[in-house]
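Participant: Take this structure, written in structure tokens, and hold onto it; I'll ask about it next.
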Amino acid sequence: MSPLQAAKHWTVAHVGLAKDALHISVALALFFGGCAVFGWRVGDWKPLALVTVAAIAGELWDLRDSIVYATPMVLRANWHEV
């Protein structure tokens, strides 16, 4: 298991949120954090693009881990998380 996967499992176990709720919380933090740090308006396309790029990057990392650690790839599940 990669350090990213271990961190995700640890966070789900200790924060008390379901995995999907944790994804939403991280996405909202990125969205509003991007607005605060870069001065973007909430209605701009840039915060949404930031969240989309982060979600795709996370899923690509999950797919990479599936290859490296020889775990099954479920592309439908990866797409669901994006």
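Where a number appears in this text, it was derived from the coordinates with a stated rule and is not lab data. Just so we're clear, the structure is a prediction, and the values are computed from it rather than from any experiment. Glycine also receives a Cβ, built like all others from the backbone with ideal geometry; neighbour counts cover every protein chain displayed.
Participant: How big is the dipole moment of the chain about its Cα centre under a simple scheme where the beta carbon of each Lys and Arg is +1, that of each Asp and Glu is -1, and everything else is neutral? Debye, nearest 20, please. Intermediate results must be reported in sequence, preceding the final value.
Facilitator: Working: 6 positive and 6 negative charges, 18 e Å.
Dipole about the Cα centre, nearest 20: 80 debye.
Participant: Now for a different question. Applying 1/(1 + (r/R0)^6) with R0 = 25 Å to the Cβ-Cβ distance of Leu28 and Ala70, what FRET efficiency is obtained, to the nearest 0.05? Display every interim value, and only then the final one.
Facilitator: Numbers: r = 34 Å, r/R0 = 1.35.
Computed FRET efficiency for Leu28 and Ala70: 0.15.
Participant: So how do Val42, Val51 line up by other beta-carbon neighbours within 10 Å, fewest first?
Facilitator: So the residues, fewest neighbours to most, are Val42, Val51.
Participant: Cut-off 10 angstrom, C-alpha nodes, Gaussian network model of the chain. Which of Ala27, Ala13, Ala54 fluctuates the most?
Facilitator: Among Ala27, Ala13, Ala54, the largest mean-square fluctuation in the Gaussian network model of the chain belongs to Ala13.
Participant: Let me ask something additional. With a length cut of 20 Å (Cα positions projected on each helix's long axis) and a Kyte-Doolittle mean of at least 0.5, go through the chain and give me the DSSP H helices that pass.
Facilitator: Qualifying helices, which must be both long enough and hydrophobic enough, are 19-38, 45-68.
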